[in-house]
1. In the stretch 275-305, which residue that is hydrophobic (A, V, I, L, M, F, W, C) and part of a loop (DSSP other than H, G, I, E, B) is farthest from ligand 1 (Cβ to nearest atom)?
2. Being at pLDDT 90 or above, outside the structural domain of residue 204 (by TED's automatic domain parsing), in a loop (DSSP other than H, G, I, E, B) and more than 14 Å from ligand 1 (Cβ to nearest atom) is the requirement here; does residue 310 meet it?
3. Quickly run through the stretch 315-358 and pick out the residues that are assigned to a loop (DSSP other than H, G, I, E, B), out of contact with any helix residue (DSSP H, G or I) (no Cβ under 8 Å at 6 or more places or on another chain) and within 10 Å of ligand 1 (Cβ to nearest atom).
4. Quick one: residue 311 ticks every box in (1) within 25 Å of residue 361 (Cα to Cα); (2) of a type in the set (A, V, I, L, M, F, W, C); (3) within 15 Å of ligand 2 (Cβ to nearest atom) bar one, so which box is it?
5. Quickly run through the stretch 172-208 and pick out the residues that are farther than 17 Å from residue 21 by Cβ and part of a loop (DSSP other than H, G, I, E, B).
6. Six or more apart or on different chains, Cβ under 6 Å: which pairs go from a residue in the stretch 323-342 that's closer than 18 Å to residue 152 by Cβ to one that's away from ligand 2 (no atom under 16 Å from the Cβ)? Could you list them?
7. Those residues that are in a strand (DSSP E or B) and under 16 Å from residue 65 (Cα atoms), I need them from the stretch 1-33; list them, please.
8. So which residues in the stretch 150-161 are in contact with a helix residue (DSSP H, G or I) (Cβ under 8 Å, 6 or more places away or on another chain) and farther than 13 Å from residue 116 by Cα?
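The values are calculated or read from the model by the stated rules, or taken from the named source; none is laboratory data. These figures come from a predicted structure and were not determined experimentally. Because the Cβ atoms are built from the backbone with ideal geometry, glycine has one as well, and the counts that use them run over all protein chains shown.
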Amino acid sequence: MIYRTYGKTEKQISAIGFGGMRFPDPEQIEKNAELVLYAHAKEITYFDTAPGYCKDKSEEIIGTALRQMTPGSFTVSTKCSSPDGKELRTSLERSLERLGVDCIDFFNIWCIKSAEDWESRKQGGAVEALLKARDEGLVRHIACSTHMMRDEATAMLDEEVFEGVTLGYNAVNFPFREQVVADAARHRMGIITMNPLNGGLIPQNAERFDFIRSEDDPDVVHAALRFILSNPAITAALVGFSSKEEIDQAVRVAETFTPLPAQRHAEIQDQIRDQFDGFCTGCGYCLPCPQGLQIPKLMDAYNQRILRGPAAEHITDNLKWLWGVGTETAADCIGCGQCEKACTQHLPIIERLGEIVEAGREVAAKTK
Ligand code: SF4
Ligand code: SF4
């Protein structure tokens, strides 16, 4: 196993982390706890969970396993998404109880989607409650998980509230995240990456993603994890494990790890552009929009149509769950064309916004 220091803290964690969001049959607490213990025996020491994961059983499963581990041999991370300080405190106390620990090593202000959302976490008292909990010794380090992009993420990280950040980063979406990773590294934060296999898309489409594989990668999963670990700014890649085989596969990457040569990173970026014709790279040159549209987020949702197929839900789910943006915002476009002139990929942004509006209507009609 490779161990890396989490940002400015002196905490060493395993470069492969256990993401507790994909337990099979979550009601089987003991059986799933065995999976966690198996990972620990394979020298994984970072365990990430959250209230609500796996029918709200994930914390209980992880806690059952942690109670069987030697204190000091593991690091645990959990989260809360409420902007309300009192609710965060209640959630934290419940997490402590479920996890069976006196102190949470890393507590994340969970899923900050926008600058407004970040403001609400401060105004609502969540940040203050967390700082107080740290002073009281209930939390060791404060982190956040975010899907924000570029400048809005930069502004938040510049406030230096957090010691670490958890963000979605993988061989497909990394152009969207490069700046956030660089900003977090500039602040010497721990950087935990989630979604390393792009929600299973990479292994499910192994042939299509074969271009990320180097000669010495046995398969695309290996290549995808190696890609992440090759970025020295990244502390750990979280994998949502469902089986011992998946744990073995990920641990093998850490055991045999050699970093990718620097030019491969750029090559893969170029190949993404070639392989996925019309793919938005999240560069942000189309901004600002006079109507305030968050064009890269909307175009990322359209990327899902390119990657996953034409179903309207691929667009609406991405906007709802990843970005917290409604499809109806795309209807605010007045067709000025400013963004299309600036787009580095020459994308038909206006036409795509129309498709996004349509996708939203289609999904809404189905749920009526
Ligand atoms: S064309 Fe639409 S999305 Fe593009 S800049 Fe103009 S209003 Fe914004
Ligand atoms: S300029 Fe084009 S490629 Fe870059 S973020 Fe905007 S839409 Fe995407």
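1. 276
2. So residue 310 fits the description; yes.
3. 334, 336
4. Condition (3) is where residue 311 drops out.
5. If the condition is that a residue be farther than 17 Å from residue 21 by Cβ and part of a loop (DSSP other than H, G, I, E, B), then 172, 173, 187, 188, 189, 205, 206, 207, 208 are the ones that fit.
6. Going by the 6 Å Cβ cut-off, the qualifying pairs are 324/113.
7. So the first thing to find is which residues in the stretch 1-33 are in a strand (DSSP E or B), and the list is 3-5, 12-14, 16-19.
17, 18, 19 - these are the residues of the stretch 1-33 that are in a strand (DSSP E or B) and under 16 Å from residue 65 (Cα atoms).
8. Of everything in the stretch 150-161, those that are in contact with a helix residue (DSSP H, G or I) (Cβ under 8 Å, 6 or more places away or on another chain) and farther than 13 Å from residue 116 by Cα turn out to be 150, 154, 157, 158, 161.
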